[in-house]
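Notes for the one structure printed next.
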Amino acid sequence: GAVVSQHPSWVICKSGTSVKIECRSLDFQATTMFWYRQFPKQSLMLMATSNEGSKATYEQGVEKDKFLINHASLTLSTLTVTSAHPEDSSFYICSLTGGRHTDTQYFGPGTRLTVL
Amino acid sequence: AQSVTQLGSHVSVSEGALVLLRCNYSSSVPPYLFWYVQYPNQGLQLLLKYTTGATLVKGINGFEAEFKKSETSFHLTKPSAHMSDAAEYFCAVNDQAGTALIFGKGTTLSVSS
């Protein structure tokens, strides 16, 4: 398999602030990264897809100005939740594919965001 | 458009009993199929996958799944459940390598002693 890290693992912030979540591939070059969000007791919903060096492609209903995604390198993608509100509280998970793992997605451990 | 249906949002078994988690998919092209497991407050761990070739695939922790094209199914089984198998299980599909996964709603597996 592949090793994917996310940081932070949990974060609590005040309404109106911005939060940055990092997703890193530790042992392979990830040409494509995906960001999902998961509400309690629910499945994963795709937010956006990003390819290294390109602008992210957002799913319908996901505000690109609110959820800023930067795929800076083949090992790092960041998701910034801008002006967070309580309804943005969720579990955010990244997944990576590429290199020798083109037919499989490997998931990070997730980031629990709580907006007060 | 692709879709995944997991029958049974909650499955309960006794320790040592057979585990059967059902997954049916819809896809207009040959699918890539996956099973992932999620423990509380953690990410998803790949159990097994089907891309091409042998239709019976074996995964980690004693799990296996069989791709049945005629039934559009990819059910997950394990002969003997362990307490540590209690978790959330997701079936997922995509139509080509490198594209986003479409997930089922998940099945919670409970294992009692």
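If you go through the stretch B:36-85 one residue at a time, how many are buried (at least 17 other Cβ atoms within 10 Å of the Cβ) and more than 19 Å from A:T97 (Cβ to Cβ)?
11
Looking at (1) part of a strand (DSSP E or B); (2) free of Cβ contacts under 8 Å to residues at least 40 places away in the same chain, find the lone condition where A:E63 falls short.
Exception for A:E63: condition (1).
Identify the residue in the stretch A:24-36 that is in contact with a strand residue (DSSP E or B) (Cβ under 8 Å, 6 or more places away or on another chain) and more than 12 Å from chain B (Cβ to nearest Cβ) and, among all such residues, is surrounded by the fewest Cβ atoms within 10 Å (Cβ to Cβ).
Looking only at the stretch A:24-36, we keep the residues that are in contact with a strand residue (DSSP E or B) (Cβ under 8 Å, 6 or more places away or on another chain), and these are A:24-26, A:28-36.
Imposing the further condition that a residue be more than 12 Å from chain B (Cβ to nearest Cβ) reduces the set to A:24-26, A:28-29.
Values: A:R24: 19, A:S25: 26, A:L26: 10, A:F28: 19, A:Q29: 14.
Among residues in the stretch A:24-36 that are in contact with a strand residue (DSSP E or B) (Cβ under 8 Å, 6 or more places away or on another chain) and more than 12 Å from chain B (Cβ to nearest Cβ), the one surrounded by the fewest Cβ atoms within 10 Å (Cβ to Cβ) is A:L26.
Could you please find all residues in the stretch B:34-49 being more than 10 Å from chain A (Cβ to nearest Cβ) and modelled with pLDDT of 95 or more?
B:W35, B:V37, B:L47, B:L48, listed by residue number.
Residues checked against (1) more than 14 Å from every other protein chain (Cβ to nearest Cβ); (2) surrounded by 22 or more Cβ atoms within 10 Å (Cβ to Cβ):
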{"position": "A:Y58", "(1), (2)": "no, no"}
{"position": "A:E63", "(1), (2)": "yes, no"}
{"position": "A:H85", "(1), (2)": "yes, no"}
{"position": "A:Y92", "(1), (2)": "no, yes"}
{"position": "A:G108", "(1), (2)": "no, yes"}
{"position": "A:L113", "(1), (2)": "no, no"}
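Out of B:L46, B:L109, B:L33, which single residue is assigned to a strand (DSSP E or B), closer than 22 Å to A:R37 by Cα and without any contact (Cβ under 8 Å) to a residue 40 or more places away in the chain? Even if it seems obvious, please write down each step before you answer.
Values: B:L109 fails: without any contact (Cβ under 8 Å) to a residue 40 or more places away in the chain; B:L33 fails: without any contact (Cβ under 8 Å) to a residue 40 or more places away in the chain.
Sole residue among the options that is assigned to a strand (DSSP E or B), closer than 22 Å to A:R37 by Cα and without any contact (Cβ under 8 Å) to a residue 40 or more places away in the chain: B:L46.
The values are calculated or read from the model by the stated rules, or taken from the named source; none is laboratory data. These numbers come from a predicted model, not from an experiment. A quick note on method: Cβ atoms are made from the backbone with ideal geometry, for glycine too, and the neighbour counts reach across all protein chains shown.
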